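What follows is calculated from the coordinates using simple rules that are stated; it is not laboratory data. Small disclaimer: the values here were computed from a predicted structure and weren't measured. Here Cβ is always computed from backbone atoms with ideal geometry, including for glycine, and neighbour counts include all displayed protein chains.
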Amino acid sequence: MTAQIKVDNLHKYFGKLEVLKGINIEIFKGEVVCVIGPSGSGKSTFLRCLNRLEEPTEGDISVDGKIITNKDANINKIRTNIGMVFQQFNLFPHLSVKKNIMMAPLELKLKTTEQAENKALELLKRVGLLDKADVMPRQLSGGQQQRVAIARALAMEPAIMLFDEPTSALDPEMVGEVLSVMKELASMGMTMVVVTHEMGFAKDAADRVLFMDEGIIMEEAPPSEMFTNPKNPRTIEFLNKVL
Ligand code: ADP
Ligand code: MG
């Protein structure tokens with residue numbers, strides 16, 4: 001089986017600060033990979049390199065066999081194929097929920113208005129918010145807004161979804177509704193890379209867990225192993241603090 005995402009010797013500096021110190025990982029189609037680790041360990045930077053929101057300083061990333069870190073790679077095309085959901089949902093405040101979801105496919109002329117609207121409604125149904133199609137984002141709870149943000153990312157019909165702490169900005173009672181949308185996506189075979197502090201989600205939904213510390217993947221294992229029998233002392237120390 002060939003990897004859908006292949007990361008080869010990825011290094012990233014911000015000025016003199018080396019934030020990623022040689023990341024090597026292969027991620028397969030349909031795999032759900034959760035990334036855990038202390039704050040400042042480079043998790044977000046790693047995720048952002050995967051769709052070139054950050055430029056790697058050194059190393060290669062390929063997606064479906066194509067190197068996306070070349071200077072002449074088409075960034076718009078890369079981002080069409082790789083959706084991303086952030087901690088802050090960043091919906092467009094002046095557009096209705098439905099129009100938020102329709103916007104990118106229309107801007108990039110990937111769909112007609114009618115096709116984009118049909119897709120938006122289908123996605124809203126999937127995230128349980130069909131009745132909110134015409135309301136403005138500010139009329140929604142945080143959990144609902146994040147579900148719309150997920151639908152908006154899915155509107156581009158990406159092959160891969162990246163999530164950077166998608167539930168960290170939510171009130172606790174809203175975390176579950178967002179995680180259950182993500183679990184459904186996982187069960188439909190989406191390739192997902194999820195930076196999360198939700199160890200319960202990682203246990204239930206991940207095929208593999210990566211523990212990052214100081215810009216390195218210190219340990220990787222299936223959740224059953226990572227959470228019961230971690231090997232690296234840094235992993236053990238981290239899990240003792242969060243579990
Ligand atoms: P994590 O997501 O694991 O908390 P980050 O990838 O956000 O870690 O950050 C890793 C390190 O890189 C931190 O020391 C952070 O301050 C630094 N960093 C992140 N983004 C930038 C940036 N744009 N400019 C300078 N330093 C940055
Ligand atoms: Mg982060």
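Structure values in brief
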{"read-out": "Fraction of beta bridges assigned by DSSP in the chain that are antiparallel (%, nearest 5)", "value": "55"}
{"read-out": "Degrees separating the helix 233-242 axis from the principal Cα axis of the chain, which is the longest one", "value": "40"}
{"read-out": "For the stretch 16-31, 3J(HN,Hα) per residue [Karplus equation, 6.51 cos²θ - 1.76 cosθ + 1.60, θ = phi - 60°, Hz, x = Gly/Pro]", "value": "8, 7, 8, 9, 10, 10, x, 9, 10, 7, 10, 10, 9, 4, x, 7"}
{"read-out": "Sequence of 161, 190 once ranked by neighbouring C-beta atoms within 10 Å, starting from the fewest", "value": "190, 161"}
{"read-out": "Rg/Rg_ref, the chain, where Rg_ref = 2.2 N^0.38 Å and atoms are Cα", "value": "1.01"}
{"read-out": "Listed residue (83, 156, 169) projecting farthest to the positive dipole end of the chain, Cβ model", "value": "156"}
{"read-out": "Compactness index (Cα Rg / 2.2 N^0.38 Å), the stretch 91-157", "value": "0.97"}
{"read-out": "Cα gyration tensor shape of the stretch 67-188, rounded if a/c is under 1.5, else prolate or oblate by comparing a/b with b/c", "value": "oblate"}
{"read-out": "Net dipole in debye of the stretch 91-157 [+1 Lys, Arg Cβ; -1 Asp, Glu Cβ; about Cα centre; nearest 20]", "value": "140"}
{"read-out": "Point-charge dipole on Cβ atoms (K/R +1, D/E -1) for the chain, about Cα centre, debye to 20", "value": "560"}
{"read-out": "Rounded, prolate or oblate (a/c below 1.5 giving rounded, otherwise prolate when a/b exceeds b/c) for the stretch 1-67 by Cα gyration tensor", "value": "oblate"}
{"read-out": "Helix-only CD estimate at 222 nm, as mean residue ellipticity for the chain, using -39500 (n - 2.57) per DSSP H run (n ≥ 4)", "value": "-11000 deg cm²/dmol"}
{"read-out": "Options 102, 69, 42, ranked by Cα towards positive dipole end of the chain, top entry (Cβ charges)", "value": "102"}
{"read-out": "Order of 164, 60, 131 - criterion: other Cβ atoms within 10 Å of each residue's Cβ, fewest first", "value": "131, 60, 164"}
{"read-out": "Folded to 0 to 90 degrees: helix 142-154 orientation relative to the chain principal axis, Cα", "value": "90"}
{"read-out": "Proxy reagent accessibility, fewest Cβ within 10 Å first, across 119, 66", "value": "66, 119"}
{"read-out": "Degrees separating the helix 113-126 axis from the principal Cα axis of the chain, which is the longest one", "value": "60"}
{"read-out": "Net charge contributed by nearby residues that have their C-beta within less than 12 Å of residue 90 (K/R +1, D/E -1)", "value": "0"}
{"read-out": "Part-to-part distance (alpha-carbon centres) for the stretch 153-201 and the stretch 42-115, which is given in Å", "value": "16"}
{"read-out": "Rounded, prolate or oblate (a/c below 1.5 giving rounded, otherwise prolate when a/b exceeds b/c) for the stretch 154-243 by Cα gyration tensor", "value": "prolate"}
